[in-house]
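Novice: Next up is a structure, given as structure tokens.
Please treat every number below as a calculation from the coordinates, not as lab data. What you see is a predicted model, and the numbers here were worked out from it, not measured in a lab.
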Amino acid sequence: MSNIAENLRAVQDRINAAAARSGRKLDDITLIAVSKTRSADEIKQAVSCGVADLGENYVQEAEVKYGELGDTARWHMIGHLQRNKARHAVKCFEMIHSVESEDLAVELGKRAQAAGKCQDVLVEVRISGEDTKFGVEPGDVLPFVDRISQVSGIRACGLMGMAPFVEDPEQTRPYFARLKQLWDRLPEEQRIYLSMGMTQDFEVAIEEGANMVRIGTAIFGPRA
């Protein structure tokens, strides 16, 4: 537990410093602890140290953990979501970061309404230009957000993106800056969360305007 506690304090110190460089403070940034492949015990330790938001990449894995841990934290779907998993996703995730098709948005809205909730979603933007990444093309983002904002049962409340993995985090800055520019052009009611930045580049992301970061390794340590 001590390692997770120490790691979390170190991450929070880095977030606070990066936020200060962009004229903000620690409380302005939502930290999502990426808990994919981590044991329930590790997650419980992180929650006991103050983690309030958990990020998972796979619905089936998240369902098992949610069944054991429940609403001890807010659960975020940060991985690619297939349309046929929408019914399961709305049951445990407070926010889905990876909406990149209208079909998925419509399916989530239908399933959320059936569950008696309004599902918060972010639009995933393919800022890296890599063919291996999912997301809406940057030039299509604004009309896409406008279209899915008409879908009943979901609330579009921001953007998510991933920069390419590079050795020097400074090289990610143009990608994050571009996503921030798109986010700034959203209507105010949809300009709530800007989810960008992971263990290797979250400080640059915060400096460029992120108010939500997704960090796993720096908190839990390297995966086995």
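Novice: Calculate, in whole percent, how much of the Cα-Cα pair population of segment 117-170 lies beyond 14 Å.
Specialist: Numbers: 815 of 1431 pairs.
Percent of Cα pairs beyond 14 Å in segment 117-170: 57.
Novice: Give me P(r) over segment 2-218, computed from all C-alpha to C-alpha distances, binned every 5 Å, as integer percentages.
Specialist: Per 5 Å bin, starting at 0, the Cα pair percentages come out as 1, 7, 16, 19, 20, 17, 12, 6, 1, 0.
Novice: So what is Rg over Rh here for segment 114-224, counting just Cα atoms and using Kirkwood for Rh? Before the final figure, lay out the partial values.
Specialist: Numbers: Rg = 14.7 Å, Rh = 14.7 Å.
So for segment 114-224, dividing Rg by the Kirkwood Rh gives 1.00.
Novice: Note the full-extension length gain between GLN181 and VAL64 as 0.36 nm times their separation in residues minus their Cα-Cα distance, in nm to one decimal.
Specialist: Working it through step by step, the gained length comes to 38.4 nm.
Novice: Run the helix sum for the chain: -39,500 (n - 2.57) per DSSP H stretch of 4+ residues, divided by residue count, reported at 222 nm to the nearest 500 deg cm²/dmol.
Specialist: Details: 9 runs with 90 residues, N = 224.
After summing the helix terms and dividing by residue count, I get -12000 deg cm²/dmol.
Novice: List the pairs from LYS110/LYS180; LYS25/LYS180; LYS36/LYS133 whose alpha-carbon separation is above 25 Å, in the order I gave them. Don't skip to the end; give the middle numbers.
Specialist: Details: LYS110/LYS180 30 Å; LYS25/LYS180 18 Å; LYS36/LYS133 18 Å.
Too far apart for the 25 Å limit: LYS110/LYS180.
Novice: If I stretch the segment between GLN82 and GLU170 completely, what's the gain in nm (0.36 nm per residue apart, minus their alpha carbon distance), one decimal? Before the final figure, lay out the partial values.
Specialist: Details: separation 88, 0.36 × 88 = 31.68 nm, distance 3.24 nm.
Answer, rounded to one decimal: 28.4 nm.
Novice: Taking 0.36 nm per residue of sequence separation and subtracting the Cα-Cα distance, how much length would be gained by fully extending the chain between ALA20 and GLU130, in nm to one decimal?
Specialist: Numbers: separation 110, 0.36 × 110 = 39.60 nm, distance 3.14 nm.
Gain on extension, ALA20 to GLU130, equals 36.5 nm.
Novice: What Kirkwood hydrodynamic radius, in Å, does segment 63-184 give when the mean of 1/r is taken over all pairs of distinct Cα atoms and then inverted? Intermediate results must be reported in sequence, preceding the final value.
Specialist: Values: mean 1/r = 0.0662 Å⁻¹.
About 15.1 Å, per the Kirkwood formula over Cα pairs.
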